[in-house]
Amino acid sequence: MLVGITGTPGTGKTSVTTLLEKKTEYQVIHLNELIKDEKLYSEVDTERDCVIADMNLVEKKVMEKVDMSTDVTILESHLSHHIADIVIVLRTSPYKLSERLHKREYSENKIQENLEAEALDIILFESVEWCEKVFEIDTTNQTIEETVADIEEILCALLKGQEEQLLVKYKPGSVDWSEEFFA
Ligand code: ADP
Ligand code: MN
């Protein structure tokens, strides 16, 4: 089972999946690293200081890397919902996200762009549009460990075919930042 962990930059994808990788037997592919290491991009956007991934190449490479001997392969990236059919979207209140992104060496423009993307649910919308199964976790007041526990709960239920129960706690569309962000 291939499961994407996606979300706006700063929502904790890398931290959370790094802990998950240590704690469990699941395979974790950190997609942004793979894209850089294997040069799976078609363009370098110098103005926005990022690369434009070639998603056909990326998907092909991911399929080669998937370890069939494990139950779960986690694909970690804000691009993972382009490839996986099952995704978990990590959400973080734009206020908290702002603190985290200011600690990174991001330009003010890039920070604003990401805060708006989070406030407007962009990645959640894309996920719901493109993927078969979508779950959402509000990580705003959670520790990394608590978010890992939520992900493990979701994976466990999926493996047992008991996903209906997940739609109570992790239903996509439950998170809404519009009041606090646009007020
Ligand atoms: P992403 O991969 O989604 O861009 P990262 O995991 O790289 O996110 O960055 C999240 C940052 O926020 C890290 O520096 C992490 O240490 C920090 N952080 C602080 N508290 C939390 C938390 N509860 N959950 C996730 N990240 C947290
Ligand atoms: Mn990351």
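The values are calculated or read from the model by the stated rules, or taken from the named source; none is laboratory data. Here the structure is a predicted model, which means the values were calculated and not measured. Quick reminder, even Gly has a Cβ in these numbers, built from the backbone with ideal geometry, and neighbours come from all protein chains shown.
A few points about this structure:
- The listed residues are K61, K36, K110, and the only one of them that is surrounded by fewer than 16 Cβ atoms within 10 Å (Cβ to Cβ), of a type outside the set (S, T, N, Q) and part of a helix (DSSP H, G or I) turns out to be K36.
- Condition met for S98 (out of contact with any strand residue (DSSP E or B) (no Cβ under 9 Å at 6 or more places or on another chain), over 29 Å from K22 (Cα atoms) and in contact (Cβ under 8 Å) with a residue 12 or more places away in the chain): no
- Lone qualifier among A119, A84 - being closer than 16 Å to S174 by Cβ and aliphatic (A, V, I, L, M): A119
- Of the helices (runs of 4 or more DSSP H) lying entirely inside region 134-183, the ones with 1 or more residues being β-branched (V, I, T) are found at 144-159, 166-169.
- Selection status of I52, in a strand (DSSP E or B) and in contact (Cβ under 8 Å) with a residue 24 or more places away in the chain: no
- Residues of region 123-147 classified as within 11 Å of ligand 1 (Cβ to nearest atom), touching a residue at least 60 places away in the same chain (Cβ under 8 Å) and under 13 Å from V89 (Cα atoms), total: 3
- A single member of T18, T11 is under 18 Å from I74 (Cβ atoms), surrounded by fewer than 20 Cβ atoms within 10 Å (Cβ to Cβ) and within 16 Å of ligand 2 (Cβ to nearest atom), and it is T18.
- Complete set of residues in region 7-29 that are touching a strand residue (DSSP E or B) at 6+ places or on another chain (Cβ under 6 Å) and near ligand 1 (Cβ under 9 Å from one of its atoms): G7, T11, G12, K13, T17
- Residue within region 127-147 that is acidic (D, E), modelled with pLDDT of 95 or more and closer than 15 Å to G10 by Cα present: yes
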